[in-house]
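Okay, so here's the structure we're looking at.
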Amino acid sequence: MSRQSLTEAQIIEFLDKCLEVEFSFVKNEIPAVDIVKQSRPHQDFILNLTQRVAATNIELAYQFAVHSKQALEEMDLLMVEAWAMSATDQYDKQGLYPAMSAIKNLDQFIHTAHVKACGAVFEEEASILLPFIQGLAGRKLKLAEAEQAYTDTETIFIPAITALFETKKENFLHYKVTVAYLWAQIQFGSFRVDLEILSNDPDKLNKFSVLENIRLEACLERELPGLYRDMQILKTLFHPEHEQDTENLLSIESIQALLHENAEAAHSLDIIENIKVDQWPEVYCYQGTIQIDQVATIFERRIEKEKAYFRVALSELANEQSNKQDDNPIEETDENSAFKLANKDEHTKQSGNIDLELDGELITPPEHVRELMTSIIVDFGEIPPEYLFAAGPGEYDLKKYQEEEINPNDVWKGTYHEEGAEIYNEWNFKRQYYHKNWCVLRELEIKPVYDDFVADTLNKHKGLLKSLRHTFEVLRGEDKLLKRQPYGDDIDIDALVDALADTKSGMEMSERVFTKMHKEDRNVAVIFMVDMSGSTRGWINEAERESLILLAEVLEILGDRYAIYGFSGMTRKRCELYKIKTFDENYDDEIKARISNIQPQDYTRMGVFIRHITKMFRDVEASTKLLITLSDGKPDDYDTYRGEYGVEDTRQALYEAHREGIHPFCITIDEKARDYLPHMYGAANYAVIDDIAKLPQKVSDIYRRITS
Amino acid sequence: MTMQSKALKPEEYFIKDEPFYQSIGEEIEVFEAAYRQGLPILLKGPTGCGKTRFMEHMAWRLKRPLITVSCHDDLTSSDLVGRFLISGGETVWVDGPLARAVRNGAICYLDEVVEARKDTTVVIHPLADDRRVLPMEKVGELLEATPEFCLTISYNPGYQSVMKDLKQSTRQRFVALEFDYPDAQLEAEIIIKETGIEDKTAQQLVKFAHMTRDLKGSGLDEGASTRLLVHAAKLIVDGIKPVTACKTAITQAITDDSDMLIAINELSSSLF
Ligand SMILES: Nc1ncnc2c1ncn2[C@@H]1O[C@H](COP(=O)(O)OP(=O)(O)OP(=O)(O)O)[C@@H](O)[C@H]1O
Ligand SMILES: [Mg+2]
């Protein structure tokens, strides 16, 4: 028997409570009229979702409840849920207004839902497409989002979403073939012509694209037959009607020349005017567009830069050469040294494997010069003769071409961008899913401050340090002499005497008569994560720093590998991890001076740092990996990272860490920590210190306890 | 064909048939010269680029037995030099592989020497300088190497952590030969000789390897080695589709990252 439906009064009561009616003044009678007419399971479903949305925003939840009737009529339950969640997503990303319109504009949602359900989305596929094109290109081509697909020869741009085809699989194929085709334009020299001619003539540009497609397809068929097949799949799926038009073109002799291995883009350009057909085929869906201006700008900048770099490199080679030949280097000659290209056959030319010749001497260019040559050949099809003169002294100022160094501290000034930062997901327990690419983390330096802090600390805790040293020395992995071993480095006299006595009395002689040295390796790697939030200001911060100094002293005795990081930040877009000591650094004066300068910053978001450290640990080989957090309270950030949300994200991040074999442990001075830490870390993996003054001693004690 | 294998002592084992080794530069000449001059040799290079094969080839060329020791982090100096054992109520000394190689004038190849514990690498020091002796402290002997004896170690500088770097005092005793993947043409020839695969497919395999090697540092720790290409080629020769062979023999061997796996599979399916 199914449960009874809720009455209107019950529904209003529920909504009043979850939409906090005494503050929000929403009129719950309005949605209740509709909800009461639903079946009980649907009623529960809607009320439950309303409550989940209310966790994000009350007003939004109210609108959801109001529109729920229409939604249930037009979508299935899964879709309704997705619709609600996309509104809360909008809210997180762009605020209340766009979120409200997402709720109100149901039809739009149904349409985009279709696009999203079977479309390919840049954000999701970029991590596949990027290595794919970099593998094809053999260099660091970039990938980015834009309205249309095109390339400027350094970056390949594709739209945020592509949904031309029915299924996700086909749409991914469309993405893949598009990026590969754009790469082919660069690789096989579509831009090695004077594009200016086409710039004010869209019709001619279109025809050029069509002819280039024929040429590039032939190139791809030779070089990447698998990809060529994929192109044909897309063509028959999406442009079956163009096939005849293309066939017609291919019957023309001057066009057949495009299929030849040595055909160049210039040929496409040359023949455009002479071709007379009734119907030119359309540009195919994977071709993107040709953005002449973009190509020209990047092209010029690169050409100039590479020419400068190449000619300066040649002058270095020339200097080396003359130094090698005679012991006293000759003065600079007025004339620039002229190089020649050696072994210039087609095969080596393609691969950029060309040797240089200077005054009849063969020179094999070093790796960076070779890379330059490859790139120049991609642009010109050869090394232009004027490049082969070594640069004169002071002819170029290479600084001009260096990309401006990015200072992580400046990134947040002006418009915000995420270059050089690492992006992590975050767990939303209410919605039970990850916000993708949610937090932006950056590693920053701490300026060392050379003051008396370290000396004072060591002095203050002199007695403690002495006893700590003693206890830790005992722990240190020491050579142990194992006795009565079946084999070993030396003879165990006691065992041998016993054994001989045994044989005398007619027993079988034991073979365990050796001693063996055995070194116990403490293969431990530990990262300390220190809370640098604003709330640590004052003596907590001081106690943390003192603890770190003492810890470092004892860890040096133990020989365990350790790293120390501080963490703080403000909102998900500014999570900052301060490098205090990395695994590779030695504990020296500079590290001490950094510890001395650990200063309270802003808030404590935690999950993102745990995820980052989990990732760092992947490169560390150790049989025990420990992550120890020193903290003064619950995770807490400026935005929504409060209360349960923060606790649950942290818990999830710890769980991820644990799955990768990391043991997390938390040391805190928050008296209330017993309420939430067991939930986050598990009952045995935390310690609450009541007396801050004892922190330095306790931290070392705890470390000893958990690693022995 | 008999299915029984013979038990041979390594020092009695001479390689009779020429192992195929495609030389890349002057490594054979340099090795021979170093051998004649009694200098120890260090082979540097990434995994699967032919170091072991080169040693087999040189052992055949120089007509000496080859004793290989794969080093690991538990390897002690006794494992190399020797130890006491009990047999029939008496303690007897048993030579380790290094001592056996010295006594028999063999070529001793210590593979991945940095993996061994630091104190272990030190025992090879007196052997690796002009003294050419192996001190056997436990038995109070000093074993002098004959001119035929040769010490070779290998080392992959690529992914060792700073903690595991080869000590200067060790590395400065050796003549260093650097190995790398051969250039495209040679690498294809190696694959063909090893597996009998057809030329075109070999070329494509090499091209695929280059794609993965270019991704080193942007998501991959190492690109596909020659060894992996040989594996894939063997599968293909046995009738497996090239795309499947690449996926199983190469891609899965170089990464576990799910996006990277897809990306690299897309590369191989573009090629074939
Ligand atoms: N120059 C070469 N000549 C012939 N075969 C080669 C050559 N280079 C690589 N190979 C092939 O690659 C395979 C792997 O080479 P090998 O085992 O010698 O690698 P390695 O350098 O010793 O690797 P590792 O460092 O992992 O031990 C060989 O079995 C052989 O098939
Ligand atoms: Mg080997």
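The values are calculated or read from the model by the stated rules, or taken from the named source; none is laboratory data. These numbers were taken from a predicted model, which means no experiment stands behind them. We place every Cβ from the backbone using ideal geometry, glycine too, and count neighbours over all the protein chains shown. SASA here: full protein model, heavy atoms, side chains in, ligands and nucleic acids out. Shrake-Rupley method; radii C 1.70, N 1.55, O 1.52, S 1.80 Å.
What the table shows:
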quantity	calculated
Delta accessible area of at least 30 Å² on complex formation, residues of the range B:211-226, 1.4 Å probe, chain isolated as reference	B:211, B:214, B:215, B:218
Within-12-Å neighbourhood charge of residue A:539 [Cβ basis; K, R +1; D, E -1]	-3
Selection from A:77, A:38, A:106, by position along the positive dipole direction of the range A:3-118 (Cβ)	A:77
Alpha-carbon centroids, the range B:34-61 and the range B:79-102: separation in whole Å	27
Chains A and B together, accessible area buried on both sides, 1.4 angstrom probe, square angstrom	2600
Over chain A: helical MRE at 222 nm, DSSP H runs n ≥ 4 each giving -39500 (n - 2.57), nearest 500	-15500 deg cm²/dmol
Too-long pairs where the Cα-Cα distance tops 26 Å, listed order kept, from A:27/A:69; A:516/B:44; A:462/A:694; A:142/A:579	A:516/B:44; A:142/A:579
Solvent-accessible area of residue B:14 with every protein chain in place, 1.4 Å probe, in Å² to the nearest 10	80
Solvent-accessible ranking of B:218, A:190, largest area first, probe 1.4 Å	B:218, A:190
Placed amide H near residue A:363: partners under 5 Å, 5+ positions off or other chain	A:356, A:357, A:358
Per residue solvent-accessible surface (Å²) - the protein assembly as shown, probe of 1.4 Å	50
Accessible surface of residue B:20 - all protein chains present, 1.4 Å probe, nearest 10 Å²	60
Under 5 Å, built H, 5+ apart or other chain: amide partners of residue A:149	A:289
Positive-end residue, chain A charge dipole about Cα centroid, Cβ charges, pick of A:312, A:11, A:174	A:11
Ranking by accessible area, most exposed first, for A:154, A:553, A:221 with a 1.4 Å probe	A:221, A:154, A:553
Solvent-accessible surface (1.4 angstrom probe) belonging to residue B:136, in square angstrom, nearest 10	0
Estimated FRET transfer efficiency (residue A:573, residue A:368; beta-carbon r; R0 56 Å; 0.05)	0.95
Cβ-Cβ FRET estimate between residue A:701 and residue B:122, R0 fixed at 30 Å, reported to 0.05	0.20
Under the Karplus curve 6.51 cos²θ - 1.76 cosθ + 1.60, θ = phi - 60°, whole-Hz ³J(HN,Hα) for the range A:605-620, x wherever Gly or Pro sits	8, 10, x, 4, 6, 4, 5, 5, 5, 4, 5, 4, 5, 4, 8, 9
Residue A:237 versus residue A:107: modelled label distance in nm, points set 7 Å from Cα along the beta carbon direction	2.9
Accessible surface of the protein assembly as shown, 1.4 Å probe, proportion on carbon and sulfur as whole %	49
Ranked order, A:103, B:262 - accessible area, probe 1.4 Å, largest first	B:262, A:103
Protein-protein interface of the range B:58-89, residues with accessible area decrease of at least 10 Å², isolated chain reference, 1.4 Å probe	B:78, B:83, B:84, B:85, B:86, B:89
Protein-protein interface of the range B:258-272, residues with accessible area decrease of at least 10 Å², isolated chain reference, 1.4 Å probe	B:259, B:260, B:262, B:263, B:266, B:267, B:269, B:270, B:271, B:272
